[in-house]
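I have placed the structure first, in the form of structure tokens, so that the comments after it can refer back to it.
The values are calculated or read from the model by the stated rules, or taken from the named source; none is laboratory data. Quantities reported herein were computed from a predicted structural model and do not represent experimental measurements. Backbone-built Cβ (ideal geometry, glycine too); neighbour counts: all protein chains shown. When the accessible area is computed, the model is the full protein with side chains, heavy atoms only, and any ligands, DNA or RNA have been set aside. Shrake-Rupley method; radii C 1.70, N 1.55, O 1.52, S 1.80 Å.
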Amino acid sequence: MWKLVMMEQMMYLPSTVCPQRLPSQSRKMFLLQLSQDQYLVYWAQSIWWQLQDNKTFLAMINHVLNVDGFYFSTTYDLTHTLQRLSNTSPEFQEMSLLERADQRFVWNGYLLRELSAQPEVHRFALPVLHGFITMHSCSINGKYFDWILISRRSCFRAGVRYYVRGIDSEGHAANFVETEQIVHYSGSRASFVQTRGSIPVFWSQRPNLKYKPVPQINKVANHLDGFQRHFDSQVIIYGKQVILNLVNQKGSEKPLEQTFASMVSSLGSGMIRYIAFDFHKECKNMRWDRLSILLDKVTEMQDELSYFLVDTAGRVVTNQEGVFRSNCMDCLDRTNVIQSLLARRSLQAQLQRLGVLHVGQKLEEQDEFEKIYKNAWADNANACAKQYAGTGALKTDFTRTGKRTQLGLLMDGWNSLVRYYKNNFSDGFRQDAIDLFLGNYSVDELEFHSPLSVPKDWKFLALPIIMVVAFSMCIICLLMAGDTWTETLAYVLFWAVASIGTFFIILYNGKDFVDAPRLVQKEKID
């Protein structure tokens with residue numbers, strides 16, 4: 001009842017503009033004009049708006065929690081690779097999982113901020129990983145081993161496909177994922193680590209209703225500074241970097257490839273190697289066998305980087321000296337295909353060294369294990385793609401079967417359409433949900449002006465209605481012919497021109513019609 005009374009009293013406020021939508025300074029001037037009764041009405045209205053916002057905030061938190069891919073362990077440190085864990089001190093081993101966790105991969109760090117200051121409850125505060133984990137007990141030649149695949153998504157510069165690209169001022173790359181392949185056999189442990197991440201320069205690709213928005217490279221930012229920050233941290237953590245850039249070397253992706261190559265050249269670091277491979281050009285007409293060109297090119301580099309291996313006595317036999325850092329535009333589909341092929345080659349060497357595979361045996365010939373391996377990597381692709389782009393991955397038919405199929409092409413087309421819809425009409429909410437969950441946006445209980453209350457532009461409501469009405473009238477005129485064919489043609493042409501013209505006006509103003517994030521300023525996203 002109080003809501004109805006409040007809404008009735010709103011007509012007596014001295015402004016037709018909703019006070020919650022006014023800037024802070026204007027709102028202060030507005031409040032000075034109110035009488036005591038009007039002030040009470042204003043506060044009642046503010047509470048009502050706050051309750052509505054709280055429902056939206058709660059829906060955002062629920063949305064993030066309902067996304068698949070959150071993992072935790074009460075005993076094992078999921079945030080570190082085997083190699084990092086082997087190079088730790090006894091003091092590190094005595095720390096709680098929360099204290100020693102790699103903060104890049106702790107997605108509930110903001111939620112645990114108060115518990116972090118209370119050591120006595122650390123055993124109840126477990127770090128949560130977001131990404132993908134699968135574990136399989138496998139057998140080859142009668143020898144049993146555990147095969148594990150872990151993908152750790154970074155919570156730094158986290159977000160959705162078109163609203164989070166490139167890097168930030170601290171060098172954190174969008175959609176950065178560390179993927180570790182682990183083998184346990186008879187007390188020995190081996191692992192192979194790869195990374196993926198957005199092209200590490202300042203660029204954006206905001207949705208605008210077009211199927212593929214043109215990427216925009218920031219013309220005023222200091223790209224080399226951000227680029228160096230990114231790779232300085234990567235070299236410290238992983239060692240040598242072999243960059244596999246899989247983007248197109250023509251069209252809208254070409255400037256990004258050129259910028260990436262020039263940054264590597266300008267940096268002039270002996271720890272970084274750059275290899276550009278136009279995935280789509282090389283594999284067009286379903287010639288996926290041509291991926292061997294890239295694999296042959298990096299064979300010596302992969303042998304040089306090696307892998308991590310600990311024997312049954314706990315002695316470190318080999319260390320991984322660096323990683324392959326792969327990327328395409330989204331760091332999803334093309335990237336996952338290449339990573340699965342590199343991981344298989346490393347696994348082949350590991351299993352031969354451990355004595356699971358006989359000399360001369362090929363992993364591809366082990367049908368039972370190959371099925372497990374391919375499906376796991378395809379599931380990994382789907383998980384990472386759903387978390388970033390909103391749909392399952394493309395090209396998973398090749399990952400699962402080793403060849404491209406017509407059914408796979410159809411599924412890719414369907415997933416592309418779903419991605420288009422989500423990227424344009426629901427990703428603003430998804431981005432806000434992630435920023436709220438990670439603490440990039442903090443709700444101020446004393447602030448009654450919420451970014452969620454920003455009104456839509458008139459074009460958002462008027463133009464779609466005009467287009468639908470015009471298109472409907474065009475159909476009606478076709479179905480209900482006039483007295484003469486010239487009259488019918490005139491009506492049809494008029495409404496067709498009206499609907500098509502409105503469509504192009506909407507497309508021209510595409511950025512006004514997409515679902516954009518509201519909780520974090522533009523500077524934070526770019």
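The residues in the stretch 469-512 that are touching a residue at least 24 places away in the same chain (Cβ under 8 Å) and within 19 Å of LYS210 (Cα to Cα) can be counted, and the count is 10. Within the stretch 508-516, not a single residue is modelled with pLDDT under 85 and either open to solvent by 90 Å² or more (accessible area, probe 1.4 Å) or of a type in the set (Gly, Ala, Ser) (or both). Applying the set (1) open to solvent by less than 10 Å² (accessible area, probe 1.4 Å); (2) free of Cβ contacts under 8 Å to residues at least 24 places away in the same chain to LYS254 leaves exactly one unmet item: (1). Tallying residues that are under 22 Å from PHE156 (Cβ atoms), aromatic (Phe, Trp, Tyr) and part of a loop (DSSP other than H, G, I, E, B) within the stretch 64-100 yields 1.
When the residues of the stretch 403-452 are filtered to those that are of a type in the set (Ser, Thr, Tyr) and at pLDDT 85 or above, the one that is nearest to ASP289 (Cα to Cα) is SER416. Taking only the stretch 65-98 into account, find how many residues are within 23 Å of the chain's Cα centre (by Cα) and among the β-branched types (Val, Ile, Thr). Final tally of qualifying residues: 3. Say whether the condition of being touching an Asp or Glu at 6+ places or on another chain (Cβ under 9 Å) and of a type outside the set (Phe, Trp, Tyr) is met by at least one residue in the stretch 352-359. The answer is no; no qualifying residue exists.
Among the residues making up the stretch 149-165, a single one is closer than 14 Å to LEU129 by Cβ and out of contact with any Asp or Glu (no Cβ under 9 Å at 6 or more places or on another chain): CYS155.
Does at least one position in the stretch 294-301 carry a residue that is among the hydrophobic types (A, V, I, L, M, F, W, C) and surrounded by fewer than 17 Cβ atoms within 10 Å (Cβ to Cβ)? Checked against the condition, which is being among the hydrophobic types (A, V, I, L, M, F, W, C) and surrounded by fewer than 17 Cβ atoms within 10 Å (Cβ to Cβ), the stretch 294-301 yields at least one hit.
Scanning for something in contact with a Lys or Arg (Cβ under 8 Å, 6 or more places away or on another chain) and part of a loop (DSSP other than H, G, I, E, B), does the stretch 365-373 turn up at least one residue? No: the stretch 365-373 contains no residue that is in contact with a Lys or Arg (Cβ under 8 Å, 6 or more places away or on another chain) and part of a loop (DSSP other than H, G, I, E, B). From the list LEU363, LEU351, LEU409, the one residue that fits, being touching a residue at least 40 places away in the same chain (Cβ under 8 Å) and either in contact with a strand residue (DSSP E or B) (Cβ under 6 Å, 6 or more places away or on another chain) or not basic (Lys, Arg) (or both), is LEU351. Being small (Gly, Ala, Ser), open to solvent by less than 70 Å² (accessible area, probe 1.4 Å), over 23 Å from the mean Cα position of the chain (by Cα) and modelled with pLDDT under 95 is a condition met by at least one residue of the stretch 258-268. Going by the conditions given, is ARG113 of a type in the set (Lys, Arg), in a loop (DSSP other than H, G, I, E, B) and open to solvent by 70 Å² or more (accessible area, probe 1.4 Å)? Spelling it out, ARG113 is indeed of a type in the set (Lys, Arg), in a loop (DSSP other than H, G, I, E, B) and open to solvent by 70 Å² or more (accessible area, probe 1.4 Å). Annotation: of all residues in the stretch 159-181 being of a type in the set (Gly, Ala, Ser) and more than 18 Å from VAL67 (Cα to Cα), the one that is surrounded by the fewest Cβ atoms within 10 Å (Cβ to Cβ) is SER169.
The set of residues in the stretch 365-400 that are open to solvent by 10 Å² or more (accessible area, probe 1.4 Å), in contact with a helix residue (DSSP H, G or I) (Cβ under 6 Å, 6 or more places away or on another chain) and of a type in the set (A, V, I, L, M) contains only LEU394. Only one of the numbered conditions (1) part of a helix (DSSP H, G or I); (2) open to solvent by 70 Å² or more (accessible area, probe 1.4 Å); (3) of a type outside the set (Val, Ile, Thr); (4) closer than 30 Å to SER137 by Cβ is violated by LYS403, and that is (1). For the stretch 406-462, residues that are assigned to a helix (DSSP H, G or I) and either farther than 18 Å from VAL67 by Cα or open to solvent by 60 Å² or more (accessible area, probe 1.4 Å) (or both) total 25.
I need a count of the residues in the stretch 133-158 that are crowded, with 20+ Cβ neighbours inside 10 Å and in a strand (DSSP E or B). Walk me through how you get there before you give the answer.
Taking the stretch 133-158 and keeping what is crowded, with 20+ Cβ neighbours inside 10 Å, we get 145, 147, 149-155, 157-158.
Subsequent filtering for residues that are in a strand (DSSP E or B) retains 145, 147, 149-153.
Of the residues in that region, 7 qualify.
Does VAL201 count as touching a Cys at 6+ places or on another chain (Cβ under 8 Å), aliphatic (A, V, I, L, M), open to solvent by less than 30 Å² (accessible area, probe 1.4 Å) and farther than 30 Å from HIS136 by Cα? When the stated conditions are applied, VAL201 does not pass them.
For the residues HIS122, HIS80, HIS130, the requirement of being at pLDDT 95 or above, of a type outside the set (D, E, K, R), more than 30 Å from VAL317 (Cβ to Cβ) and surrounded by 14 or more Cβ atoms within 10 Å (Cβ to Cβ) singles out HIS130. Tell me yes or no: at least one residue of the stretch 303-312 is on the phi > 0 side of the Ramachandran plot, surrounded by fewer than 21 Cβ atoms within 10 Å (Cβ to Cβ) and either out of contact with any Lys or Arg (no Cβ under 7 Å at 6 or more places or on another chain) or not in a helix (DSSP H, G or I) (or both). Yes; the residues of the stretch 303-312 include at least one that is on the phi > 0 side of the Ramachandran plot, surrounded by fewer than 21 Cβ atoms within 10 Å (Cβ to Cβ) and either out of contact with any Lys or Arg (no Cβ under 7 Å at 6 or more places or on another chain) or not in a helix (DSSP H, G or I) (or both). Restricted to the stretch 313-325, and to residues there that are surrounded by fewer than 20 Cβ atoms within 10 Å (Cβ to Cβ) and of a type in the set (D, E, K, R), the residue that is nearest to GLY239 (Cα to Cα) is GLU321.
Residue count for the stretch 239-250, restricted to those that are surrounded by fewer than 16 Cβ atoms within 10 Å (Cβ to Cβ) and among the aliphatic types (A, V, I, L, M): 0.
Note on the stretch 355-364: residues that are on the phi < 0 side of the Ramachandran plot and open to solvent by 30 Å² or more (accessible area, probe 1.4 Å) total 5. Filtering the stretch 205-238 to residues that are surrounded by fewer than 16 Cβ atoms within 10 Å (Cβ to Cβ), under 22 Å from the mean Cα position of the chain (by Cα) and assigned to a helix (DSSP H, G or I) leaves SER233, ILE237.
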